[in-house]
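Here's the structure we're looking at; comments come further down.
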Amino acid sequence: MLDLVHGMVPKGPFWGPFFFGAAIFGFRYLAFAGLAFAAWYGRQRRGKLQGSMPDLPQLAREIRYSVVAVLIFGLVNAVIAAWSIGPHTQLYFDVAQHGWAYFWLSIPLMILVHDTYFYWTHRLMHTRALFRTFHAVHHLSTNPTPWTAYAFHPLESVVQALGVVLILFTMPSHPLALILFQTVSSVINVYGHLGYEIYPRGTAGHWLGRWINTSVAHNFHHETARHNYGFYFLFWDRLMGTLDPGYEARYAAGTAEGLPAGGARAG
């Protein structure tokens, strides 16, 4: 398996790494967002966090911007290869170089690094100086859907892509570990924009669940463009005081059994 991954990763010229990166990101986006949309939006389900359903112009806009984002992700991949940046990163191909224990540990470490990068760049893009230029496109979707996951302005797409570049330069990274990390990231991204909550009702108040980001938290962020800036976790939001003060009440309302659509606005 690892030899196969090693052989699949293009090196050198521009177009191979570009198409490889874009194909990987594009496939994950289509697979996860498409499956989630079919499962939750194929018919009106109870418990939608906002009462209204997205219209076709919103869906078309999200997919259009997402296609551009996928191409930019591929472009960053190509620049690293074509400009011979790769050898200056901590990318490695032989698992024996760092061992299997580190290989598996590196995946949650990547998640922690990315969560920190995302929180602070996300907060920065919410400042008045940068919001319109970088982040306003993503917030056109005040009622997010799974297709919102990659619906970024091109400049924000570059910011998002640089999170992986940061990982490559700050910690030894095996290509397969990167693929697994980015797959987890894609699933969490789609879940955060799902528009429905799938975690149990008591999650927000649980000693462990209170640190985990949820679809309720990120849905409220899209609805108001305030609070809840985390990606995987709520560590930074709780530490920096940016968690919605009514989050636990909103979560309880949004996961109440038999809740009418739009109930997450309570609290």
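Restricting attention to the stretch 61-87, and to residues there that are among the small types (G, A, S) and at pLDDT 95 or above, which single residue is farthest from T148 (Cα to Cα)?
Of all residues in the stretch 61-87, those among the small types (G, A, S) come to 66, 69, 74, 78, 81-82, 84, 86.
Next cut, at pLDDT 95 or above only: 66, 69.
Values: S66: 8, A69: 11 Å.
Filtering first and then ranking leaves A69.
When you go through A101, A96, A136 one by one, which is the residue that is open to solvent by less than 70 Å² (accessible area, probe 1.4 Å) and among the aliphatic types (A, V, I, L, M)? Walk me through it before giving the result.
Details: A101 fails: open to solvent by less than 70 Å² (accessible area, probe 1.4 Å); A96 fails: open to solvent by less than 70 Å² (accessible area, probe 1.4 Å).
That would be A136, the only listed residue that is open to solvent by less than 70 Å² (accessible area, probe 1.4 Å) and among the aliphatic types (A, V, I, L, M).
Confirm whether G192 is of a type in the set (G, A, S), surrounded by 21 or more Cβ atoms within 10 Å (Cβ to Cβ), more than 19 Å from the chain's Cα centre (by Cα) and over 30 Å from F93 (Cα atoms). Outline the logic, then answer.
On the way: of a type in the set (G, A, S): yes; surrounded by 21 or more Cβ atoms within 10 Å (Cβ to Cβ): yes; more than 19 Å from the chain's Cα centre (by Cα): no; over 30 Å from F93 (Cα atoms): yes.
No; evaluated as a whole, the condition is false for this residue.
Under 7 Å by Cβ, and 6 or more places apart or on different chains, what pairs join a residue from the stretch 46-60 that is modelled with pLDDT of 90 or more with one that is open to solvent by 70 Å² or more (accessible area, probe 1.4 Å)?
M53/Q44
Name every residue in the stretch 167-178 that is more than 12 Å from I111 (Cα to Cα) and assigned to a helix (DSSP H, G or I), in order of residue number.
Once the filter is applied, which keeps residues that are more than 12 Å from I111 (Cα to Cα) and assigned to a helix (DSSP H, G or I), the stretch 167-178 yields L168, F169, T170, P175, L176.
Restricting to the stretch 127-159, give me the number of residues that are touching a Phe, Trp or Tyr at 6+ places or on another chain (Cβ under 6 Å) and assigned to a helix (DSSP H, G or I).
Residues meeting the conditions: 5.
Considering only the stretch 113-135, how many residues are without any contact (Cβ under 8 Å) to a residue 40 or more places away in the chain and of a type outside the set (F, W, Y)?
So the count comes out to 9.
Looking at the stretch 115-126, is at least one residue assigned to a loop (DSSP other than H, G, I, E, B) and closer than 24 Å to F220 by Cβ? Outline the logic, then answer.
Pass one, the stretch 115-126, residues assigned to a loop (DSSP other than H, G, I, E, B): 126.
Keeping just the survivors that are closer than 24 Å to F220 by Cβ gives 126.
Within the stretch 115-126 (the criterion being assigned to a loop (DSSP other than H, G, I, E, B) and closer than 24 Å to F220 by Cβ), the answer is yes, since at least one residue qualifies.
Considering the stretch 52-65 alone, what residues qualify as being over 14 Å from G195 (Cβ atoms) and surrounded by 13 or more Cβ atoms within 10 Å (Cβ to Cβ)?
The first filter runs over the stretch 52-65 and keeps only residues over 14 Å from G195 (Cβ atoms), leaving 56-57, 60-61, 63-65.
Within the stretch 52-65, R61, I63, Y65 qualify.
Taking the residues in the stretch 29-51 that are over 23 Å from A69 (Cβ atoms) and in contact with a Phe, Trp or Tyr (Cβ under 8 Å, 6 or more places away or on another chain) as candidates, determine which candidate is most open to solvent (accessible area, probe 1.4 Å).
R45
So which residues in the stretch 88-107 are of a type in the set (F, W, Y) and either at pLDDT below 95 or under 13 Å from P175 (Cα atoms) (or both)? Let's see the steps before the verdict.
Of the stretch 88-107, the ones of a type in the set (F, W, Y) are 92-93, 100, 102-104.
Correct list: Y92, F93, F103, W104.
The values are calculated or read from the model by the stated rules, or taken from the named source; none is laboratory data. The structure displayed is predicted, hence computed values, not measured ones. Neighbour counts are summed over all protein chains in view; Cβ atoms, including those assigned to glycine, are modelled from backbone coordinates with ideal geometry. Accessible surface is based on the protein model in full, side chains and every heavy atom, while ligands, DNA and RNA are left aside. Shrake-Rupley method; radii C 1.70, N 1.55, O 1.52, S 1.80 Å.
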